[in-house]
């Protein structure tokens with residue numbers, strides 16, 4: 001007898017209006033992506049005379065788009081898929097890159113001791129993300145093992 005009750009059938013829980021079959025809202029994602037793209041376009045225009053700022057905005061935008069795509073891929077993978085670990089690694093690498101990029105920009109504006117705190121917080125965030133992704137067990141695989149029994 002499994003410890004966790006089985007999840008309800010998809011027929012019992014229809015997707016909300018305007019949502020795709022996996023429960024996400026495609027139009028909300030499109031609106032958010034358009035808002036992000038417009039924001040990035042404005043930021044690029046405002047900093048067109050500063051190549052490092054333009055590069056920062058472009059790389060951040062590409063990183064976020066890839067991150068959202070990989071999160072969608074991860075959500076759609078079955079819990080037993082061997083590809084989950086590769087996608088987790090890519091998600092962690094992208095979030096680490098964003099954390100380092102934003103920490104560098106913020107720390108550059110701060111006095112020395114505060115900049116050190118920014119970098120310590122960034123390192124703690126990166127380490128915690130690594131532990132949560134790769135050291136702690138995955139709930140989906142743990143639930144499968146419990147359901148199988150001894």
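Coordinate-derived values only; no laboratory data. A quick note: this is a predicted structure, and the numbers were derived from the prediction, not measured. Glycine gets a Cβ as well: all are built from the backbone with ideal geometry, and neighbour counts include every protein chain shown.
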Original post:
Relative to the present Cα-Cα distance, how much length would full extension add between residue 137 and residue 48 at 0.36 nm per residue of separation?
Top reply: 27.5 nm
Subject >> Projected label distance in nm at residue 80 and residue 27, using a 7 Å step from Cα toward the beta-carbon >> reply: 3.8
Original post:
Taking other Cβ within 10 Å of each residue's Cβ, how do 47, 103 sort, fewest first?
Top reply: 47, 103
Subject >> Exposure proxy order (Cβ contacts within 10 Å, fewest to most) of 81, 60 >> reply: 81, 60
Original post:
At what distance in nm do the modelled label points of residue 64 and residue 127 sit from each other, each positioned 7 Å from its Cα along Cα→Cβ?
Top reply: 2.9
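Order these by the 10 Å Cβ neighbour count, fewest first: 56, 130.
By the 10 Å Cβ count, ascending, the order reads 130, 56.
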